[in-house]
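One structure below.
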Amino acid sequence: MEGWDTSLSEVEQRLQELLRSSGRLPKHVAIIMDGNGRWAQERGLPRVEGHRQGIQSVREVVKVAVQLGIPYLTLYAFSMENWRRPQVEIRTLMELLHYYLRRELPELQRHGIRLRAIGKLNALPRRVQRVVADALQATASNTGLTLTLALSYSGRWDIVRAVQMIAIDVRRGKLSPEDITEERFASYLLTRELPEPDLLIRTSGEMRLSNFLLWESAYAEIYVSNLYWPDFRRCAFYRALLDYIRRERRFGMISEQLGAYRLAEEIATELEELLHAVERRVH
Ligand code: IPE
Ligand code: IPE
Ligand code: MG
């Protein structure tokens, strides 16, 4: 943690402190990292270059999540539908994943990050499965940020898988149909150990879920950034968080029932000013 902290400017430290002390940061942020291909194509580069640059955004977002003490971060890295892409692109994505996991492992360890993975992992190439398994095992007892990678993931697939497991338990007499509540159902999903996402970010301006955390996102606050993922760096993440903490989450109720739930205007203004100052320094 120290190494990261000292690299922060005073104004960024102040921004982080104020975000933290607002007491309103999300517990679980989930991100659909989209737009790598377009980022590259607009620069006349091959799509894989976008994926490569996207790794730097992953590093920055993970780092800020650790610094802010956000306990859960889930990244959509590869969907089940992504298997339909051209073979060469799939191959490079798998190589990058392999590279990232091996290379970042010491850094994940240093910051007490616990890595998790959700998805149909046995669909991944063997050597990727191995580095994933190694990284999961190596970080299993860490107690800091829980970083979950969605790999070969599909929300519908996970729901159907859960239904199958439930049906098996009913057949074995371990569960009676009357006992299938929402909580019980969720306990069969791969996300069972994660709280529901509070903030769901999608980059590249696309307004869709693309089969990500369908059940879990029932009440997630959605934030769409027009930036392509390789351009989504820490200032963009701060902006998403600032937008989130200003929102009123009503969960079906009305404003009056929520009491003094809104973020005080002075704090919002100060955060806005600090973020502007950080943006000026970074760009
Ligand atoms: C997101 O970027 C990364 C993955 C889906 C693996 P894309 O590769 O989807 O980039 P665009 O959306 O085509 O620009
Ligand atoms: C969603 O992005 C999946 C990931 C970010 C891993 P896509 O680029 O695959 O989504 P669609 O196909 O445009 O909806
Ligand atoms: Mg895309």
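Our helix-only sum for the chain, with -39,500 (n - 2.57) per DSSP H run of n ≥ 4 divided by its residues, gives a mean residue ellipticity at 222 nm of -15500 deg cm²/dmol. Quick one: compute the contact order of the range 13-137, relative version, from alpha carbon pairs under 8 angstrom and 6+ residues apart, as a percent. Reported relative contact order: 24 percent. Across the range 97-146, the volume of the C-alpha convex hull divided among the residues equals 65 Å³ per residue.
In terms of its alpha-carbon gyration tensor, the range 27-160 comes out prolate; a/c meets the 1.5 threshold, and the first ratio a/b outweighs b/c. For Lys63, the lysines whose Cα falls under 25 Å of its own Cα, not counting residues fewer than eight places away in the same chain, are Lys27.
Taking the three principal axes of the alpha carbon atoms in the chain, the coordinate ranges are 59, 52, 36 Å, sorted in descending order. Distance from the Cα centroid of the range 128-203 to that of the range 205-248 is 21 Å (rounded to whole angstrom).
For the chain, the share of DSSP beta bridges that are antiparallel, to the nearest 5, is 0%.
If you take the charge dipole of the range 97-151 about its Cα centre, with +1 on Lys and Arg Cβ and -1 on Asp and Glu Cβ, which of Pro106, Leu149, Pro125 is farthest toward its positive end? Most positive-ward Cα: Pro125.
Remark on Val224: its backbone amide H falls under 5 Å from those of Arg202, a criterion applied only to residues 5 or more positions apart or on other chains, H modelled at 1.01 Å from N. When the Cα positions of Pro46, Leu18, Leu8 are compared along the charge dipole of the range 1-148, Pro46 comes out farthest toward the positive end, with charges on each C-beta of Lys, Arg, Asp and Glu. Summarised as an ellipsoid, the range 190-283 has semi-axes of 24, 22, 10 Å, derived from the eigenvalues of the Cα gyration tensor scaled by 5 and square-rooted, with the largest first.
Shape of the range 1-90 from its Cα gyration tensor (a ≥ b ≥ c, root eigenvalues): rounded if a/c is under 1.5, otherwise prolate when a/b > b/c, or oblate? Judged from the Cα gyration tensor, the range 1-90 comes out prolate (a/c at least 1.5, a/b above b/c).
Every number in this text was worked out from the coordinates using simple rules, so none of it is lab data. Owing to the predicted nature of the structure, the values given are computational and were not obtained by experimental measurement. Because the Cβ atoms are built from the backbone with ideal geometry, glycine has one as well, and the counts that use them run over all protein chains shown.
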